[in-house]
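The values are calculated or read from the model by the stated rules, or taken from the named source; none is laboratory data. Here the structure is a predicted model, which is why all the values come from computation and not from measurement. Positions of Cβ are generated from backbone atoms using ideal geometry, with glycine treated the same way; all protein chains shown enter the neighbour counts.
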Amino acid sequence: MEKTNNISCIIVDDESIARDVIANHVSKINNIKIVASCTNAIEAFNYLNTHKIDLVFLDINMPEISGISFAKSINKDIKIIFTTAYRDYAVEGFELQAVDYLLKPISFDRLLQAVTAYFKTYTNINNDKTPILEKHDFMFVRADRRMIKIDFSSILYIESYSDYIKINLKNETIVTRETISAIEAKLPNDAFLRIHRSFIISLNFITSFTNEEVTIDKTSLTISRSYKKDVLKVLEKF
């Protein structure tokens, strides 16, 4: 069993957005720390040669060396949580005795479930062997070649344009190359609501709503048919 009070982990994924999502999720959990973020298996190999690592968040479909090949070649004491957009590798992933197998886009709740499984099986951290959450009231997104801090309380609504999203704040709009599902995974469930495949709204800034649309400040946003039942269930509680 692990005796350390802090779990050192790395992220290995060729997609920067995927790395950012995982890092953001992990930052909310005590006793676990991201010590490196690698874009490919070779970079990760080099890091492991000089550092002690407990856990790897590992993408499977990467160029040159796949996550499966990487997992087969590293020290078996290093545990793996696979992260991938493809279900096809699940059986092979679990045959490698992975802690868990997460499908993208990865929500915080699902990642927390995987980390909890790791804590329970491989550590003696905390009396109840479960991680303690650190609640953050902000997130970081990549824009203009830098990571920008955004307070959840300043977000009015978020709109999607294919691989880009616009985060509409009280005083400005931030554009980032990310999917709306990935950004949704970073948001607290009790403060934001997906009303359309292209819109996420802040519940705190609703000024009015009907069965067809929600008004945020002075902007009216359509509630799509596929989301309507769940959206109205939430809105009618106000």
Meets criteria (without any contact (Cβ under 8 Å) to a residue 12 or more places away in the chain and not assigned by TED's automatic domain parsing to the domain that holds HIS25) for THR179: no
Inspect all residues belonging to segment 152-163 and state whether any of them is of a type in the set (Ser, Thr, Tyr), modelled with pLDDT under 90 and either touching a Lys or Arg at 6+ places or on another chain (Cβ under 7 Å) or assigned to a strand (DSSP E or B) (or both). yes
SER16, sole failed condition from (1) at pLDDT 90 or above; (2) farther than 24 Å from THR123 by Cβ; (3) out of contact with any helix residue (DSSP H, G or I) (no Cβ under 9 Å at 6 or more places or on another chain): (1)
I need every pair where a residue in segment 203-217 that is in the same structural domain as PHE192 (by TED's automatic domain parsing) has its Cβ under 6 Å from the Cβ of a residue that is exposed (fewer than 11 other Cβ atoms within 10 Å of the Cβ) and not acidic (Asp, Glu), sequence separation at least 6 or different chains. THR215/SER208
Can you name the condition, by its number, that VAL91 falls short on among (1) modelled with pLDDT under 95; (2) in contact with a helix residue (DSSP H, G or I) (Cβ under 7 Å, 6 or more places away or on another chain)? (2)
